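The values are calculated or read from the model by the stated rules, or taken from the named source; none is laboratory data. These numbers come from a predicted model, not from an experiment. FYI the Cβ positions are ideal-geometry reconstructions off the backbone, even for glycines, and counts take in every protein chain you see. Side chains included, ligands, DNA and RNA excluded: accessible areas come from the protein's heavy atoms. Shrake-Rupley method; radii C 1.70, N 1.55, O 1.52, S 1.80 Å.
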Amino acid sequence: MPQRHSKNNNDLAFFTYEEKRKLGYGTQRERLGKDSIKPFDACCLCLKPLIGPLCCPKGHTFCKECILECLLSQKKDIKRKLAAHEAQKKQEKEEEEEKLILQKAKELDAFDQQNHGAVPQYHDRSGSQYKNGFHGANSVKVTSFEEEALRNMKAFWLPSATPEATVKVDLPSTDTVCPEGQEKLKLKSLFPISFTEETADQKSSKAGNSCSYMCPSCKSTLTNTMSLVAVSTCGHVFCKKCSDKFLVKDKACLECSKPFRERNLVPLEKGGTGFAAHDERLEARDFKYLGSGSGLGLVKPAPKTY
């Protein structure tokens, strides 16, 4: 009597596609909601409300303490990598000099034996030497090359004799990068920004007690749905509509009347709303490696996208 397939559907020697999905292997996709997206007034590093906000030329905002600590750690890492690269270059130079010294010593030894040695030497086509005329197909004498090879033999089955691959340290870049946009970032290119808080009347009309900001020009409350523009010369933040209508034409800040150029207008990074119509990528992808024994060990991981 044949058995039912439902009783033997998990006795295969490999994982099926459905079993891999249930175990969480491969590329996993998940739709992000509003709570998973950073608001406009949060730091890109600590994801908390901005304290002493600084902005980069690409519009990414950071807390002053967070970005200074990040740039300092990058400089320490660059210094460590430069020291490792210099040590590697020094070691390679010493090894090259040692090889030259050994080669010269071998040449001098061969020259001395050829001119002053009493024992004749013979050379075959492969360049190996046989002393005392002992050469031929029936020779069982171990040459010096074979002795050295046996002495330095690496056995992969012995932990103490396993060969180790040398890790080559490339010359690192000396430029610090923005942790959010991965472009070059210097400390002097950061500029402070200041949000205009709402008045007491506007705060009292709202139920929430959280700190909220407004545009200094149109007095509208700033939200994640709005595009914001910061003036790098003074740091005041305006909405995109007021920027296009007044700032671009007047070339002066509406809050402090400080003049600026058009290149000083920096669009800030948008806050997330959780809606696809807001031109946000709301799908997160992550790849879980299957391992070399699964038959998919050579599959390259998919990059993380948010």
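Using the structure shown, decide if residue 23 is farther than 20 Å from residue 227 by Cα and touching a Leu at 6+ places or on another chain (Cβ under 9 Å).
Criteria not met by residue 23.
Only residues that are crowded, with 16+ Cβ neighbours inside 10 Å and under 35 Å from the mean Cα position of the chain (by Cα): list them for segment 241-265, please.
Across segment 241-265, the qualifying residues are 264, 265.
Please go through (1) at pLDDT below 90; (2) touching a His at 6+ places or on another chain (Cβ under 8 Å) for residue 210 and return the number of the only condition it doesn't satisfy.
(2)
So in segment 180-193, with the set limited to residues that are at pLDDT 90 or above and within 14 Å of residue 63 (Cβ to Cβ), which one is most open to solvent (accessible area, probe 1.4 Å)?
Ranking the qualifying residues of segment 180-193, first place goes to 192.
Would you be able to say whether some residue in segment 96-103 is of a type outside the set (Lys, Arg) and in contact with an Asp or Glu (Cβ under 8 Å, 6 or more places away or on another chain)?
no
In the set 94, 69, which member is open to solvent by 40 Å² or more (accessible area, probe 1.4 Å), at pLDDT 90 or above and within 30 Å of residue 189 (Cα to Cα)?
It is 69.
Tell me, which residue of segment 44-66 that is under 18 Å from residue 184 (Cβ atoms) and of a type in the set (A, V, I, L, M, F, W, C) is surrounded by the fewest Cβ atoms within 10 Å (Cβ to Cβ)?
45
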